[in-house]
Amino acid sequence: MAAEEYDSSYDVDIDELVISMKTDLNRCMSLVEDREKGNRCCLICKIVHRIRQTDSSAYEPSVLSIGPYHHSASPLRAMETEKWICLDYILKLNPEVSLREYLSSISGLEKEGRGCYAEETNMDSREFLQMLLLDSCFILVYLGGMNAQGASVNAEQLKENVMHERDRVVVDLSHMDPVCCQSLSGHTAMDAELNQSGKETEDSHSQGNNSGNVEWYNSSAVYDLLLLENQIPFFIVKTIYQFFSRNVASTSLLTNNISEFMEGTIHHFPKVITAANRPGDFYHLLHLCHKYLKPSHKFEYEYHQYAAKPCCFQFVFDVSRKIFTFGQEQNRFHELNWLNSMQQANRWRRAVEYHEAGMQFKKREFDEDNPHSLLDIRFGKGLMEIPCLPIDDKSSLLFRNLLAFEQTCPQVGDDITSYFVLMSQLTSTAADVALLAQKGIIVHQLESDEDVSSLFTKLSQYVAFDFNGEHYLKSICCAMEAHYQSRINRWMAWLWHNHFSNPWLGFAAIASAFLVLCSVMQTVLAFLAYMG
């Protein structure tokens, strides 16, 4: 069979391919170099497809887009008008600074700003700079960052007017002009957009006030600001703010106001950070939230500090331990028990299993003089104290993004991951959730305890976590395992649960033991009398 004739028209132009690949290579390497020059913690990543599938709504904004990843998405265009209102407020706050000056100040940061995103965006320079400016103005006004003492005399009154105007915006998608989301060619076009936005606001007033919609949008916008994919580098916001600060080098007032807003957003969680020690440096808003929830200290305890003992019948336990261990053998016993638990503590167990082994769970009460954070868990003498964890329909959203932040930025640690891995294993079933809820540790607004258990189970899916690593709960994990593996602890727990949990059963058991003791003594005395 004759060979088919080769068609030379399919030949690839190698020279053209070389030029194209070199261009792409230089562009990619330039982006990598920009990222390496900056702080890797500031890298804003997109959620990988596998993790996004578990709950896509937890990673995508519902009403507000910040940053390039969700920019110009159709469901988010309604809030673009509010960004223009915030820009108008900023421009009026300091008329001496023109729009050109704002854009010029952040244009020098464009390369650094692009380097903060893990994925390259398709936005050109004009669209990217406009996005940074509008989003920064929105954050400054919406989060109270413009409560600056260095602002103009009438700034506060102007702010009240603008914020009142913002709250009256009727968020009706059918009346929003999509032109607010389009790229602009120059400053004149941006001014035209600003005027158009003001006209839309006035038109919306004539249609009435829908306070319910505004409240719902504002609430949703707060949670959208805490999504990992919905962030902009905070140094951009600082650059805009410095036009108003008397001391250009100082942004402490800005960070203080933003932190105060964050405290109100997560007010239902216990926090160590107070007004006296608010964070002065963070990379974006989710990073700030992460700082508020971190544990106040690391748990670096020696094994003998956690000689696991049940809370009940402490005297009986100590006597039993002294009977079976003498002198130096006692320390050796605990040391071997601790080392054995170190080898076996590669996971946590269910709350019910720990409870059956004599461990007690208690809500850690908040002390204003010695505050603790959500992650400050204590364990000692068989008692585990866990701060109260409130759960509602928005909790999963915040938890997932905090976990994603730690998974994509290892530099910030794995404290949040450690905590939720622990909670996911403690709450493996509805019975575990019911036990912790009875103790006041979990307070939820979901339909059932099963839903809470399912929430924690899904949170831990696809999470990379090294149980044998140096996470902050490692010593507690080992102490809990040592308590669980102790036969004395489990025996005494069985005795308590089956014979002493009910006062009448306890009285009957004590009476029976007393009768047995009397019988033994009577037999001994009779034997001694006979021998005598």
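Results, tabulated for the structure shown:
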quantity: Qualifying residues in region 438-480 (those that are assigned to a helix (DSSP H, G or I) and among the polar types (S, T, N, Q)) - the one farthest from Asp376 (Cα to Cα); calculated: Ser454
quantity: Region 93-110, subset at pLDDT 90 or above and closer than 19 Å to Leu143 by Cβ, residue surrounded by the most Cβ atoms within 10 Å (Cβ to Cβ); calculated: Tyr102
quantity: Check on Ser185, under 17 Å from Tyr241 (Cβ atoms), at pLDDT below 80 and in the same structural domain as Leu76 (by TED's automatic domain parsing); calculated: no
quantity: Filter pass, Gln522 being out of contact with any Phe, Trp or Tyr (no Cβ under 7 Å at 6 or more places or on another chain), more than 30 Å from Asn401 (Cβ to Cβ) and modelled with pLDDT under 90; calculated: yes
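Residue by residue, here is whether (1) surrounded by fewer than 21 Cβ atoms within 10 Å (Cβ to Cβ); (2) part of a loop (DSSP other than H, G, I, E, B); (3) outside the structural domain of Leu226 (by TED's automatic domain parsing) holds:
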| position | (1), (2), (3) |
| --- | --- |
| Glu385 | yes, no, yes |
| Pro390 | yes, no, yes |
| Leu397 | yes, no, yes |
| Tyr419 | no, no, yes |
| Gln425 | yes, no, yes |
| Ser428 | yes, yes, yes |
| Val433 | no, no, yes |
| Leu436 | no, no, yes |
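Results for (1) of a type in the set (Ser, Thr, Tyr); (2) closer than 17 Å to His268 by Cβ, shown as yes or no for each residue.
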residue	(1), (2)
Asp376	no, yes
Phe379	no, no
Leu389	no, yes
Ser395	yes, yes
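The values are calculated or read from the model by the stated rules, or taken from the named source; none is laboratory data. As the structure is a computational prediction, the values presented were derived from the model and not from experiment. When we count neighbours, we look across all protein chains shown, and the Cβ atoms used for this are built from the backbone with ideal geometry, even at glycine.
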